[in-house]
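Laboratory data are not the source of any read-out in this text; all were calculated from the coordinates shown. Being a predicted model, the structure only gives us computed values, none of them experimental. Neighbour counts are summed over all protein chains in view; Cβ atoms, including those assigned to glycine, are modelled from backbone coordinates with ideal geometry.
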Amino acid sequence: MKFEKYLKWWYAPILGTMIWGILSLKIGMIELSVNQIMHPALFYPVTLIGILFCLCLAEGIKKVRPFCKMFATIGKNSYHIMALHFLAFKCVDLVAVRIFKDGNDVLGKFTVSYENLWWIYYIAGIAIPIAVIYALKYIRNKLSKLN
């Protein structure tokens, strides 16, 4: 609580720019899943800046009610999002194959078939699982009222 009073939402763009600047130096990336850590002297400062960035960004999100509600919904449904996001990606792939008239062999690519549609995958990977969960809850509530 004592530390929180020093966190300001407007620090987030500054800290984000710092992270971007350091990572754009091309001295390496931080990818813990493959044990790839940038220069050891920069790992801890970048990690600390990243944590502060997230905390300051959260302060900004708390001030904007629609964003606050959106992120709260995403947080409450994160388990379902993690469980269903690959299915959402493949739904986007199916639609994209129909639009671009590509063959179905494109669908076999893992995880996504069209890298240039990354922003659609981001949105669909969150929105589709949440829509599925809300639809299932709605159906369950309607069925429980019938009994």
### Pairs beyond 22 Å (Cα-Cα), from K5/K63; K69/K137; K109/K137
K109/K137
### Task
Give the calculated FRET efficiency between L23 and C91 to the nearest 0.05, with a Förster radius of 30 Å applied to their Cβ-Cβ distance.
0.40
### Message
Report the Cα centroid-to-centroid distance between the stretch 1-60 and the stretch 76-147 in angstrom, as an integer.
### Response
30 Å
## Note on the structure
Projecting the Cα atoms of F89, Y121, N141 onto the charge dipole of the stretch 71-146, where Lys and Arg contribute +1 and Asp and Glu -1 at Cβ, the residue farthest towards the positive end is N141
### Task
Obtain the radius of gyration and the Kirkwood radius of the stretch 39-124 from its C-alpha atoms and give Rg over Rh.
1.13
### Message
As a test of the formula, what do you get for the chain when each DSSP H run with n ≥ 4 contributes -39,500 (n - 2.57) and the sum is divided by the residue count, at 222 nm and rounded to the nearest 500 deg cm²/dmol?
### Response
-23500 deg cm²/dmol
### Query
Under the Kirkwood approximation applied to all pairs of distinct alpha-carbon atoms, what is the hydrodynamic radius of the chain in Å?
18.8 Å
### Task
Taking 7 Å along the Cα-to-C-beta vector as the label spot, tell me the K109-Y6 distance in nanometres, rounded to one decimal.
4.6 nm
### Those residues of the stretch 117-147 whose amide nitrogen sits under 14 Å from the label point placed on I99, 7 Å along Cα→Cβ
117-125
### Message
If I model a spin label at H80 and Q36 as a point 7 Å from the Cα along the Cα→Cβ vector, what separation in nanometres do I get?
### Response
3.4 nm
#### Entry: Packing rank of 27-38, 7-18, where each peptide gets the mean count of other beta carbons within 10 Å, highest leading
7-18, 27-38
